Each structure stands twice: as C-alpha cells, then as structure tokens.
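Please read the structure below before turning to the comments.
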Amino acid sequence: MRIGELASRAGVSIRSLRYYEEQGLLASVRSTGGQRHYREDVVERVAFIQRLYAAGLSSSTIAELLPCAYAPSEANSDAAMERMAQERERLSRHIADLVRTRDTLDGLMATAREHRETLRPSVAGP
C-alpha cells in the first residue's frame, strides 16, 4: 500500500510515517518512481509505535524495543524489559521533580495571597 493509504488506515499523518521511516522504525520499498510502498502488516506496527510514543518513549528507545516484538527471543525480551524499567525510573524521577516544582509554586501562591491581603485597606468600624 502507498503512504497515503497507510496514513489513513493507521490514523496518523504522512509526516509521522516519514519520520518513523527516518528513525528506522518503519521500512518501505520504493517504486521505480520513488513512491513508498508498505506491506499490509505495517498498519499494526504503526499502531504499536503509537502506543510506545504514548507511553512517553523516544524514537531511539522505541527502536531498541522493536526487536522484542518483531524478532522475539529471550535475550530481546530481557533487553526490552530492562530498557522499559529504565524508562519507568526516568519517568518516576521526572514526576517527583514536577511534584516538587508544583509544591514550590503552591508556596509562592500562598505567600502572594498573604501579601495581597495586606494591600486591602482596613475598614474602620463605627
């Protein structure tokens, strides 16, 4: 199938497919006119790549994980599990950093609210 049909069937842009190919995540066969042609099973591969991106993985990490799906072996499976564990740890550290940043912002907002209260004029009673 040609790139436009693949994009339509996979629900991604043609630009994304070209990027995946540049990153070594997809392969196509070129016609004599230079048009890309893909095998039927590539639709599922694109869906898998999309799920990996949705999990926060980079294209280089995805390239490391693809052998587990397309050339299954115990070694590939072990390597993929180790790589995913590293990515999970990286995400956990990032989440912890974001929580600290949010807590700092909450503190600044509390200070700003307190300061704002001092700016209100006092209402003198009778």
Matching entry among R93, R88 (being among the basic types (K, R) and within 25 Å of A47 (Cβ to Cβ)): R88
Only one of L66, L6, L57 that is touching a helix residue (DSSP H, G or I) at 6+ places or on another chain (Cβ under 9 Å), surrounded by 16 or more Cβ atoms within 10 Å (Cβ to Cβ) and modelled with pLDDT of 95 or more: L6
Residue among R36, R30 that alone is in contact with a strand residue (DSSP E or B) (Cβ under 8 Å, 6 or more places away or on another chain), within 30 Å of I3 (Cβ to Cβ) and exposed (fewer than 10 other Cβ atoms within 10 Å of the Cβ): R30
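The values are calculated or read from the model by the stated rules, or taken from the named source; none is laboratory data. Everything numeric here is computed off the predicted structure, so don't read it as measured data. Ideal geometry is used to build each Cβ from the backbone, glycine not excepted, and the neighbour counts take in all protein chains shown.
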